[in-house]
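Colleague: Got a structure for you, written out below as structure tokens; questions coming shortly.
The values are calculated or read from the model by the stated rules, or taken from the named source; none is laboratory data. Quick caveat, the model's predicted, so the values are computed rather than measured. Reconstructed Cβ throughout: ideal geometry from the backbone, glycine too, with neighbour counts over all protein chains shown. Accessible surface areas use protein heavy atoms only, side chains included; no ligands, DNA or RNA. Shrake-Rupley method; radii C 1.70, N 1.55, O 1.52, S 1.80 Å.
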Amino acid sequence: MNISFKINGKAVTVDTDPMTPLLWVVRDELSLKGTKYGCGKALCGACSLHVDGELYRSCSLPVKYAENKNVTTIEGLSENENELHPVQQAWMDINVPQCGYCQPGFMMAAAKLIEEIPEPTDQDIKENISNICRCGTHPRIIKAVKKAAQLKQSQKVQSDE
Amino acid sequence: MSKEETPEKKKKGFSRRKFLKNTGIVIGGGSLLLYFGRHKLRTFAAGFIADMDLPSGVSNFDPDFWFEIMEDNTILFKSPKVEMGQGIFTGFAMLAAEELEVAIEQIKVVPGSSVNSANDMAGTGGSGSTHSLYVSIREVAATMREMLRMAAADYWKVPLEDIRAENGMLLKGSESMSYADIVKNTEQWKTPKTPDLKLASSFKYVGTERKRIDLKPKVMGDAIFAIDTEIPDMLYAVVQYPEYIGGKLKSVDSSEAESTNGVIRVIREDNWVAVVAKNRYAAEMGKKALKLEWDVEKTWQQQDIDELVKVGNGRTVKLQDKGSASSVIKDDDIEVIHQEYRTSLGVHAQLEPNGVIADVKEDKAVIIMGTQAISFVKRAVSKAINMSSGKIEIRNSFLGGGFGRRYFKFNAPEAARISQILGKPVQVFRDRESEFTDGYFRPSSHHELKAVLNDDGTVKAISHTQATGDMGIKLAAGKMGMNIMGADFISAGHGAKFLYDFPNKKAYVEHIDMPIPTGIWRGVGMFPNGFAVETFIDELARKANTDPIEFRLKHLYSDDPIVKRMKNIIEILRDRSGWNTPAPEGVGRGFACGEDRKTVAAAAVEVQKIDGQIRVTKVTHIVDPGLVINPDGVRQQVEGCIMMGISASMYEGTYVKDGQMTATNYHQYPMASLMDTPEIEVIMVEGSAKPSGVGEPPIAPMAPAIGNAIFDLTGERQRKLPFQLT
Ligand code: FES
Ligand code: FES
């Protein structure tokens, strides 16, 4: 079955079983490898991405639900390499990743979080991001989310001026 | 403590013949030209020293290519050790830049493959990469710099002294040439004697805070892991391994699987079944449709495992015997303090499941994967497809976590067989269920500790016996090696001995043949042994009515350098963590320390009950890994060990039920999340001029320190991992 949607601003059509998890379509049909497989059961968050601005765990979202929608993955989070999304900038500043495998999922979750809660506390971050990291980057993730929120605020102030 | 200002002991030097031979550049007179002629970029390589320390495992059998100078004057560093998050690429780049006289940004580190880089026989692990290659990398880099200088001297026809190497450029007065230019203009290379290495006092990079060199790709989402690799016409396959402990494949009904949309073929090999499909989803659906029957000799239960893994049931090897611990402890008139401890089976749960791409042709096989041990993979693949190992190339990638999982357990042989049968490239990937249920687990363990105290509350005699399954010996040395050694004291024995200056002390490791494949897990024996020993020490301190830190310091007085370093960090930690200030209401405090591979570490932990649940709220951690190459790299490893320590001690365990493992995915194997992140302070001390490992030793104090803090808070002693919290 043909299914069309936009991914990182680009229109695509894929011919696939509509029940195929969006994760596999993004990774294997569209060759965007930044979105990761960790558990396949919506438990770890490695596959997190945005569909029409909402956060989803794409391993458990059949591709048919993306039809005619806008999908954003880690590759499309920043406008370009030089103007990083506040989350990615903060991740660079805090030197967050270790193995790096869980990080795209965390960053997608963080991007959504700072939209919902512009000035998150440690507790907000702890309660709202349930992704798994085995390398133990947790302390840096919490720091980086707060930093990202600050960067976002200051960007906003700048663009308002 | 200050870094000693001693120059590295001078190596015999690369003899010209040996150096060139080891680089693989010269085999007979004309090959140097041939080599350069073949490669347009005129790569050249600096090879390896013949008399290197063994522990790195990097050997000089095959062409050993370390560095390639690229046309744009960047330097490709083909690392024999793999990056799995531990920051080794960053540390290596810093060491190389130091002697190459280039900006660190000029160095690009990539994982070496089995044919294009230095051969690594030992694999990446044991916290040994930096330690074992600290001198060698700099020697190779310095030698290459000198080769470039000599070539530049010849080019300009001036004495060598007139040539300086700076920032990737060769300078003669005001004239300059890039490294790449000189490579282009050089036909005949000369090799120097091994040059003197820089003294620590003139290090430019070593010891400075550096962001990871793999940071940007990992933030942008374009770091490539094995599972991300694609090659043209690649098919996808999933493998079903035995579903029961000791299961032997009896019958396969694959009709439904074969008729699943997208499935191409079902392959049955000796004890596994693979479903090959044109995409992953189809492969997974096909696997779900398999109907398999397994012959099972015994249906194992957790109780059987617990009864088996028990002191007294295995072959014993003595690790330590000082004084006369046995006779003191046996004396009937003396009160013996006796405790037992247990740890559960654990899984690695690294976030990237194993994925292997195999492309097997008539006379060549390419395997792309993320492995901690290229040489083991090569051997296994060679056997599986009956091809000489010279025809097999293993390419490594970034690893999405290792922790020991990728040392022995891989699906390369299966992938190679499937590709060989199909005559097509295939990616074989493990789903999370297979990662969780198909070994090699951290073995469970049972510990018996006994001690006798003197009247003044000091330890008169102590003994520790640990019973556990195999962690690596059987896998590395085979059954025969195992029989010779008796027990896996090399891996399992980490942390089993007593560092303390007890007059009578004794430690044993007992090998238990477990029915489940078990292996190495971050820290190997350190994790269970550290828990048992340091909890027992805490119990002794309480018995002696002594502050737990004071109690330890009392027993650290000898001149042994490690004992001195341990004493030093404990004192610093005591003062920095506020140990001697009264704990606020509702806060429990615990302390523990551990030594592993010449790195000493200690932690002071605070726990509180929050909403009815005990949580670690503060960790002050101190580590002395000798020379620190990259402080932020060390900090990351310590943070990782803190979080993994919290996770493994508070939550993690997998158990056996009706012949199967209870944890099949993350929901059945609870782990630390952001909720469990405490306030963390990491303190680093450099008690030696040489670096030792940081990937594992910092985990040593975590479990016992937390357990001791829980006791302080609740009065309930934790003698089992994971903790039994109500
Ligand atoms: S892979 Fe989707 S949540 Fe783990
Ligand atoms: S950085 Fe490795 S799993 Fe999070």
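Colleague: What angle do you read, to the nearest 10 degrees and between 0 and 90, between the alpha-carbon axis of helix A:103-116 and the longest principal axis of chain A?
Modeller: Helix A:103-116 and the main axis of chain A meet at about 70 degrees.
Colleague: Something else now. Could you pull out every residue, at least 5 positions away or on a different chain, whose amide H is within less than 5 Å of the one on B:A461? Hs are placed 1.01 Å off N in the peptide plane, and Pro or chain starts have none.
Modeller: Residues meeting the amide H criterion: B:V452.
Colleague: With an 8 Å Cα cut-off and a minimum separation of 6 or more residues, compute the relative contact order for chain B in percent.
Modeller: Relative contact order here is 14 percent.
Colleague: Any idea what log10 I(q)/I(0) is at q = 0.13, 0.16, 0.17, 0.21 Å⁻¹ for chain A, Debye with uniform C-alpha scatterers and no solvent?
Modeller: Rounded to two decimals, the profile gives -0.59, -0.88, -0.98, -1.36.
Colleague: Need one value for A:101-108: mean number of C-beta atoms belonging to other chains within 10 Å of its residues' C-beta atoms.
Modeller: So the per-residue partner count for this stretch is 5.
Colleague: Can you give me the distance in nm between label points at B:R615 and B:T662, each placed 7 Å from the Cα along the Cα-to-Cβ direction?
Modeller: 2.5 nm
Colleague: Something else about it: Which trypsin sites (Lys or Arg not before Pro) from region B:321-352 combine a DSSP loop assignment with at most 16 other Cβ atoms within 10 Å?
Modeller: Passing sites in region B:321-352 do not exist.
Colleague: Could you sort B:I572, A:I141 by accessible area so the largest value comes first, with the probe set to 1.4 Å?
Modeller: Per-residue accessible area, sorted high to low, gives B:I572, A:I141.
Colleague: Then there's this: Give me P(r) over chain B, computed from all C-alpha to C-alpha distances, binned every 20 Å, as integer percentages.
Modeller: Spelled out bin by bin, chain B gives 16, 46, 31, 6, 0 percent.
Colleague: Roughly to the nearest percent, how much of the accessible area of the protein assembly as shown is carbon and sulfur, given a 1.4 Å probe?
Modeller: Reported share for carbon and sulfur atoms: 48 percent.
Colleague: Counting only C-alpha contacts under 8 Å and six or more residues apart, can you give the relative contact order of region A:86-160 as a whole percent? Working shown, then result.
Modeller: Details: 66 pairs, mean separation 37.8, N = 75.
Relative contact order comes out at 50 percent.
Colleague: Further question on the same structure: Could you work out how far the C-alpha centroid of region B:255-288 sits from that of region B:317-387, in angstrom?
Modeller: 31 Å
Colleague: In peptide B:565-578, what is the residue-averaged number of other protein chain Cβ atoms found within 10 Å of each Cβ?
Modeller: Counting other chains' Cβ atoms within 10 Å and averaging over B:565-578 gives 0.
Colleague: What FRET efficiency comes out for B:E550 versus A:I117 if R0 is 51 angstrom and r is the Cβ-Cβ distance? Round to the nearest 0.05.
Modeller: In this case the efficiency is close to 0.65.
Colleague: Provide A:E75, B:E639, A:E119 ordered by accessible surface of protein heavy atoms (probe 1.4 Å), highest first.
Modeller: Working: A:E75 65, B:E639 10, A:E119 140 Å².
Descending accessible area places them as A:E119, A:E75, B:E639.
Colleague: Scale the Cα Rg of the protein assembly as shown by the rule-of-thumb value 2.2 N^0.38 Å and send over the ratio, two decimals.
Modeller: Here the Cα radius of gyration is 0.96 times the empirical estimate.
Colleague: Something else: Under 5 Å between amide H atoms, partner at least 5 residues away or on a different chain: which partners does B:F403 have, H built in plane at 1.01 Å?
Modeller: Long-range HN contacts for B:F403: none found.
Colleague: Rolling a 1.4 angstrom probe over the protein heavy atoms, how many square angstrom per residue are accessible across region B:204-308?
Modeller: 48 Å²
Colleague: Continuing with this model, one more query. I'd like the mean, over residues of B:669-676, of how many other protein chain beta carbons sit within 10 Å of each residue's own Cβ. Intermediate results must be reported in sequence, preceding the final value.
Modeller: On the way: counts 1, 0, 4, 5, 8, 16, 7, 2.
Mean shielding by partner chains, rounded to a whole number: 5.
Colleague: Okay, next question. With label points built 7 Å along Cα→Cβ from the Cα atoms of B:Q339 and B:Y241, find their separation and express it in nm.
Modeller: 3.5 nm
Colleague: Nearest 5 percent is fine: what portion of the DSSP beta bridges confined to the protein assembly as shown is antiparallel?
Modeller: Around 75 percent antiparallel, to the nearest 5.
Colleague: Accessible area drop of at least 40 Å² (1.4 Å probe, protein heavy atoms): which residues of region B:615-663 qualify, relative to the chain alone?
Modeller: Those are B:Q636, B:E639, B:M643, which lose 40 Å² or more relative to the chain on its own.
Colleague: So what does log10 I(q)/I(0) come out to for region B:579-705 at q = 0.10, 0.15, 0.16, 0.17 Å⁻¹, using the Debye formula with one equal point on every Cα and no solvent?
Modeller: The Debye formula, applied to the Cα set alone, gives -0.37, -0.75, -0.82, -0.89.
Colleague: Using a cut-off of 14 Å between beta-carbons, work out the net charge of the residues near B:W579 (Lys and Arg +1, Asp and Glu -1, B:W579 not included).
Modeller: That sum, taken over residues with Cβ under 14 Å, equals -3.
Colleague: What trypsin sites (Lys or Arg not before Pro) in region B:533-587 are in a loop by DSSP, with at most 12 other Cβ atoms within 10 Å of the Cβ? Please report the intermediate quantities before stating the final value.
Modeller: Details: sites: B:R542, B:K543, B:R552, B:K554, B:K564, B:R565, B:K567, B:R574, B:R576; in loops: none.
Here no trypsin sites (Lys or Arg not before Pro) fit, given the DSSP loop and packing criteria.
Colleague: Enumerate the calculated ³J(HN,Hα) couplings along region B:393-400 in order (Karplus 6.51 cos²θ - 1.76 cosθ + 1.60, θ = phi - 60°), each rounded to whole Hz, writing x wherever the residue is Gly or Pro.
Modeller: 10, 10, 9, 9, 10, 4, 9, x
Colleague: Probe 1.4 Å, all protein chains in place: accessible area of B:T74 in Å², nearest 10?
Modeller: We get 40 Å² for B:T74.
Colleague: OK, next. Once amide H atoms are placed 1.01 Å from N in the peptide plane, what residues at a sequence separation of 5 or more from B:G469, or on another chain, have their amide H within under 5 Å of its amide H?
Modeller: Distant-sequence amide H within range of B:G469: B:S444, B:I512.
Colleague: Any residues in region B:206-233 that have 20 Å² or more less accessible area with all protein chains than in their chain alone, probe 1.4 Å, and which are they?
Modeller: Those residues are B:K211, B:R212, B:L215, B:K216, B:K218, B:V219, B:M220, B:G221, B:F225, B:I227, B:D228, B:E230.
Colleague: What is the ratio of the Cα radius of gyration of region A:86-160 to 2.2 N^0.38 Å, with N the residue count, to two decimals?
Modeller: Taking the Cα Rg and dividing by 2.2 N^0.38 Å, one obtains 1.03.
Colleague: Let me ask something else about it. Whole-Hz ³J(HN,Hα) for each residue in region B:97-109, computed from phi via Karplus 6.51 cos²θ - 1.76 cosθ + 1.60 with θ = phi - 60°, x for glycine and proline: what do you get?
Modeller: The phi angles translate into 4, 3, 9, 6, 6, 10, 5, 4, 5, 6, 9, 10, 9 Hz.
Colleague: Give me a comma-separated list of calculated 3J(HN,Hα) values for region B:710-719, in order, Karplus coefficients 6.51, -1.76, 1.60 applied at θ = phi - 60°, integers in Hz, x for any Gly or Pro.
Modeller: Karplus-based 3J(HN,Hα) across region B:710-719 equals 5, 4, 4, 7, 10, x, 9, 7, 9, 10 Hz.
Colleague: Okay, moving on. Contour minus end-to-end for B:E716 and B:D72, with contour as 0.36 nm per residue of separation and end-to-end as the Cα-Cα distance?
Modeller: 225.5 nm
Colleague: Could you compute the FRET efficiency for B:E679 and B:D270, with r as their C-beta to C-beta distance and R0 at 51 Å, rounded to 0.05? Could the numbers behind the result be given before it?
Modeller: Numbers: r = 52 Å, r/R0 = 1.03.
My answer for the efficiency is 0.45.
Colleague: For chain A, what is the accessible area per residue in Å² when the probe is 1.4 Å?
Modeller: Dividing the accessible area of chain A by its residue count gives 40 Å².
Colleague: Report which residues of region A:22-51 become buried by 30 Å² or more of accessible surface when going from the isolated chain to the complete set of protein chains (1.4 Å probe; DNA, RNA and ligands ignored).
Modeller: A:W24, A:R27, A:D28, A:K33, A:K36, A:Y37, A:G38, A:C39, A:K41, A:L43
Colleague: Hand me the GluC sites (Glu not before Pro) from region B:159-204 located in a DSSP loop with no more than 14 other Cβ atoms within 10 Å, in residue order please.
Modeller: B:E187
Colleague: If you don't mind, another one. Between region B:656-721 and region A:1-78, what is the C-alpha centre distance in whole Å?
Modeller: 35 Å
Colleague: Separate question: Give the interface area between chains B and A as buried accessible surface, both sides summed, probe 1.4 Å, in Å² to the nearest 100.
Modeller: Roughly 4600 Å².
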